[in-house]
Each structure stands twice: as structure tokens, then as C-alpha cells.
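One structure below.
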Amino acid sequence: MPSITGAYGEEKKTYASKVYELGTILEFRDGRKFVFCLNDATADIAGNLYTSPVFSYTDLAVINGLAGSDFVIVTLGSAALTANQLVDGWVHTRASSTTGGGRLYKIKSHLAAAGSTNVRIDLHPGDTVQESWLIGTTKVDLLPNPYSGVILLSFTGEQLLIAGVAVGDVPASYYGWYQTHGICSVVRPELSIVGKSFGASAADSFGVTVLGGL
């Protein structure tokens, strides 16, 4: 991921447009680190823990995937796809597939498509299909960029990773910074967690639980 060093206060800024590449790391001299994310359609609250979006496009059949091609065509399941929803995500060929399996291809763009219909996925230049896919046998997943459309931590559905803690209120569909390292203010319904470590929690809506202390 690209990395930048910024001035204190940058971590609290939000942006209506993508001024940095998704996943860009912001580092401060005091050891804190943040990652640049796109919020989903719900405003995010400072101090809460956020994760990558749930992905719904798994084990899909393929219609076209020729060696050397810079696009592929797959058949969606029941979930519809909005235009460029998965930009900078990946087409993942399942390792269990006998032909062309075990690979990731970077998504450049795609059109909108209804559930159970075919959709063309254009790949980034140079990231062409390595081995022709076998129609009826090769299966793929469409994976979102984990920093695009982050959501409040949930243990429902499949997610790629934890994005980080919001360090400011991020408006819906805006870009902002989410903290991953260093001293951090995290919402938690306990008297104090000073000096203690914490991790993701499945038990409450705040998203974190105390793991231990000094």
C-alpha cells in the first residue's frame, strides 16, 4: 500500500472525492497509523470499529475467460451489482477449479447488472487472464476492495478484514481515515480500558472487547 507522512489533524479530515488511493497508509511521528477508506451509505461515528463490506458474489459460473484477455464474463447469483461497485477489487478464481484456479485479477471497471444475469468485468491493463477458464468448471468470486464501503463491525456474512477505528465522524459515502496502530480512542461500555489491549467483539454493538491488561 502507498504510505504518506502527514501533519497532525489530517486524520480527522473527510473528503467527498478520492484524493488518495484506497488503502493508503497515513503515518505520524508518534506511531499512530491510519488507512484511507470509503464509507458506505451510513454515517460513521468516531470511536467505533469498522470492517470491510460483506461480499455476496461467490462461487460464480464463468461465461468467458480466455488466456491473454483483459476482460472476463461471469454469471451473477441472486445479488445485483451496481456500476463500478467492485472497482479496485478482485476476481478470484477458486483454487478448487481444475483450470485457471488459485489466482487474483484486479478489477478496473464493470457495468451494472441484475441478479442471475451475465456481467463483463474489465481488468487492469497488464493483469490479463493467465490460463483459459473452463466454462462449466471454473468458479470465481468477486471480491470488493476491503477499504471501499466500510461498515460497522458485524459478524454476519463474509468480510475480508477489519478496516480500523473511525477517528472522526465520516459522512455517508465520504472518504476518511480509520486508525489501525497506536494510541487510540475507542468506544467501549466499561469504566476504563487504560493500559489494556482490546480486540473485535461479537457480543456488543460497540465492536470491541477487553482482552487483557498490564
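Scan the range 96-104 and tell me whether some residue there is under 23 Å from ILE162 (Cα atoms), out of contact with any Ser or Thr (no Cβ under 6 Å at 6 or more places or on another chain) and assigned to a loop (DSSP other than H, G, I, E, B). The answer is no; no qualifying residue exists. Restrict the check to the range 139-149 and report whether at least one residue is among the hydroxyl-bearing types (Ser, Thr, Tyr) and more than 30 Å from SER185 (Cβ to Cβ). No, the range 139-149 has no match at all.
Taken over the range 34-62, residues that are modelled with pLDDT of 90 or more and polar (S, T, N, Q) amount to 3. Based on what the data block shows, is VAL119 over 20 Å from the mean Cα position of the chain (by Cα), buried (at least 16 other Cβ atoms within 10 Å of the Cβ) and assigned by TED's automatic domain parsing to the domain that holds THR137? Yes: the conditions hold for VAL119. Among residues of the range 1-12 that are at pLDDT 95 or above, those with a beta-carbon under 7 Å from a residue that is among the aromatic types (Phe, Trp, Tyr) at least six positions away or on a different chain give the pairs TYR8/PHE28; GLU11/PHE34; GLU11/TRP177. Candidates in the range 66-93 are the residues that are within 19 Å of the chain's Cα centre (by Cα) and more than 19 Å from VAL54 (Cβ to Cβ); of these, the one that is surrounded by the most Cβ atoms within 10 Å (Cβ to Cβ) is THR93. All told, SER173 falls short of being small (Gly, Ala, Ser), at pLDDT below 90 and either part of a loop (DSSP other than H, G, I, E, B) or buried (at least 20 other Cβ atoms within 10 Å of the Cβ) (or both). Scanning the range 81-115 for residues that are modelled with pLDDT of 95 or more, of a type in the set (A, V, I, L, M) and touching a Gly at 6+ places or on another chain (Cβ under 8 Å) returns a single hit, ILE107. The lone criterion from (1) in contact with a Phe, Trp or Tyr (Cβ under 7 Å, 6 or more places away or on another chain); (2) over 29 Å from ILE135 (Cα atoms) left unmet by GLY31 is number (1).
The values are calculated or read from the model by the stated rules, or taken from the named source; none is laboratory data. Keep in mind that what you see is a predicted model, and the values were worked out from it rather than measured. Glycine gets a Cβ as well: all are built from the backbone with ideal geometry, and neighbour counts include every protein chain shown.
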